[in-house]
1. On the given criteria, is Ala435 assigned to a helix (DSSP H, G or I), among the small types (Gly, Ala, Ser), closer than 12 Å to Glu90 by Cβ and open to solvent by 10 Å² or more (accessible area, probe 1.4 Å)?
2. Among the residues of region 375-384, which ones are modelled with pLDDT under 95 and open to solvent by less than 30 Å² (accessible area, probe 1.4 Å)?
3. For Glu359, are the conditions met, namely being among the acidic types (Asp, Glu), surrounded by 20 or more Cβ atoms within 10 Å (Cβ to Cβ) and either closer than 27 Å to Ala240 by Cα or modelled with pLDDT of 95 or more (or both)?
4. For region 284-302, indicate whether the set of residues that are open to solvent by 20 Å² or more (accessible area, probe 1.4 Å), touching a residue at least 40 places away in the same chain (Cβ under 8 Å) and more than 22 Å from the chain's Cα centre (by Cα) is non-empty.
5. I'm trying to understand the selection: among the residues of region 248-273, which are part of a helix (DSSP H, G or I) and either closer than 22 Å to Leu419 by Cα or acidic (Asp, Glu) (or both)?
6. If a residue must be touching a helix residue (DSSP H, G or I) at 6+ places or on another chain (Cβ under 6 Å), open to solvent by less than 50 Å² (accessible area, probe 1.4 Å) and within 30 Å of Ala129 (Cα to Cα), how many such residues does region 330-356 contain?
7. Starting from residues that are free of Cβ contacts under 8 Å to residues at least 40 places away in the same chain and open to solvent by 10 Å² or more (accessible area, probe 1.4 Å), keep the ones in region 248-259 and report whichever is farthest from Asn156 (Cα to Cα).
8. If you take just the strands (runs of 3 or more DSSP E) that sit entirely in region 162-247, which of them hold at least 3 residues that are open to solvent by less than 10 Å² (accessible area, probe 1.4 Å)?
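The values are calculated or read from the model by the stated rules, or taken from the named source; none is laboratory data. The shown structure was predicted, so the numbers you read here are calculated from the model rather than taken from an experiment. We place every Cβ from the backbone using ideal geometry, glycine too, and count neighbours over all the protein chains shown. Protein only, heavy atoms only, side chains kept; ligands, DNA and RNA dropped before computing areas. Shrake-Rupley method; radii C 1.70, N 1.55, O 1.52, S 1.80 Å.
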Amino acid sequence: MADYRHIADRVAGDIASGRLRPGQRLPPQRVFARQRGIAGSTAGRVYAELGRRGLVVGEVGRGTFVRAAAAGPYGQAIVEAATTAPVNLELNYPSARGQSELLAPALAPLLRPDVLTEALRPAAATGTAAAREATAELLATPAWRPAPDRILFSGNARQAIAATLASLVRPGGRVGVEPLTYPLVREIAERLGVTLVALAADGDGPRPESVRAAHRTAPLSALYLQPTLHNPTSVTTSEARKREIADVVRELGLPVVEDRIWSFLHPDSPAPLAAYAPGLVHVVDGLSKRVAPGLTVGFLVVPEGRVEAVGAALRSGGWSAGRFALEAGVRWMTDGTVARLVAAKRADAAARQRLVGEELGGFAVRADPLTYYAWWELPAPWRADTFTAAAAAHGIAVTPGTAFSVDPKVTPDAVRLGLASAAVPDLRRALRTLASLAAGAAAGTPVRGARIG
């Protein structure tokens, strides 16, 4: 068996010599393994070792890039490496001040031995009557309220998406999505053997005629859409456009998976697409963003007649919610804790967006003032991969636009900034550093490493 460290040494030599340049994308691990005649597991260890040495940056499913480095014998690099702890603007889990103190009281009763015994039993995909009623109330909007008997529960929203797609689309099927979509949906589709088809979109979301056109090319099995506060562009589709999309999916008999995981941030609570095509739309939501990612529950509102099929997919995938998390979630929903956290996170998101406006005001940034993310269309000559690598060298992790792009031939020169996870002072300094980095390279001058932390 090849020693992964020796292979990593050879790649490190290529980086040191300049044969692999800062920002250059390494091949996918399976391709690297084939090229080198090694096992896929060995390739994974090579990439992990290169990451440990600080030579590459990236994640599985997004790509691995050579990091920008300090100046050396092969010439001045784009940037100089940062010397402080990283700020992660890839992760995007909001946390309200005093959150743990708010959550703790509801957990205390669950720790009584008699209550804990029941809370540790397996949970059905249909949850409990109390959970269904509390969830229906939580998800309701002025124009829509889900029927409690059509609510199912998963471990998180990602599992809800996977189960719904598995119940709707056979291997080899095609699913229409926005041209920029949730990266994990790409991974889910790959595991299910499903092809994602990029729909044409504009400033109001997917264009209805593009759904018809894609379906004519080869029948679609379903759509996956984010009509409210789309991630990463933060577009919220208008009521008129939702009605047009609903008309098309009814005409084609096309089921829809509607992801509303960020919709809680919208104070006007726009009605979901499900309000306009209730017989076809499956709504996905959850508590991870509203509450916390560590103890969470995913929600599924399914059309009439779909409870058993989607429930079976949840069971077969092992994706049902844990009973303890479900019981905790019901208490948080009914005692007002979730409502208080939502109010706090709306205010926090607005404050963080103001920082984006202050620090990146001169750039092409698309962001709704309600959201925890921003889509930054980079100035020339930056590409998404080189900027991501350069940011990493300054101790800042950002997500390249290619992670969201469905069409591999479309590589947007943009990055998504997740605003939720970094502490506010760190976020401000990171945004200021990124602005200096982008402006310096655009002006043709080297950018010195800014201190983060």
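1. On the way: assigned to a helix (DSSP H, G or I): yes; among the small types (Gly, Ala, Ser): yes; closer than 12 Å to Glu90 by Cβ: no; open to solvent by 10 Å² or more (accessible area, probe 1.4 Å): yes.
The answer is no for Ala435.
2. Within region 375-384, the subset modelled with pLDDT under 95 is 380-384.
Within region 375-384, Trp382, Ala384 meet the criteria.
3. Working: among the acidic types (Asp, Glu): yes; surrounded by 20 or more Cβ atoms within 10 Å (Cβ to Cβ): yes; either closer than 27 Å to Ala240 by Cα or modelled with pLDDT of 95 or more (or both): yes.
When the stated conditions are applied, Glu359 passes them.
4. So far as region 284-302 goes, no, none of its residues is open to solvent by 20 Å² or more (accessible area, probe 1.4 Å), touching a residue at least 40 places away in the same chain (Cβ under 8 Å) and more than 22 Å from the chain's Cα centre (by Cα).
5. Glu251, Ser263, Phe264, Leu265, listed by residue number.
6. The qualifying residues number 6.
7. Within region 248-259, the subset free of Cβ contacts under 8 Å to residues at least 40 places away in the same chain is 249-251, 253, 256, 258.
Adding the requirement that they be open to solvent by 10 Å² or more (accessible area, probe 1.4 Å) leaves 250-251, 253.
Working: Arg250: 29, Glu251: 32, Gly253: 28 Å.
Looking at the filtered set, the residue picked out is Glu251.
8. Details: elements: 174-177, 195-198, 222-225.
Fully inside region 162-247 and qualifying: 174-177, 222-225.
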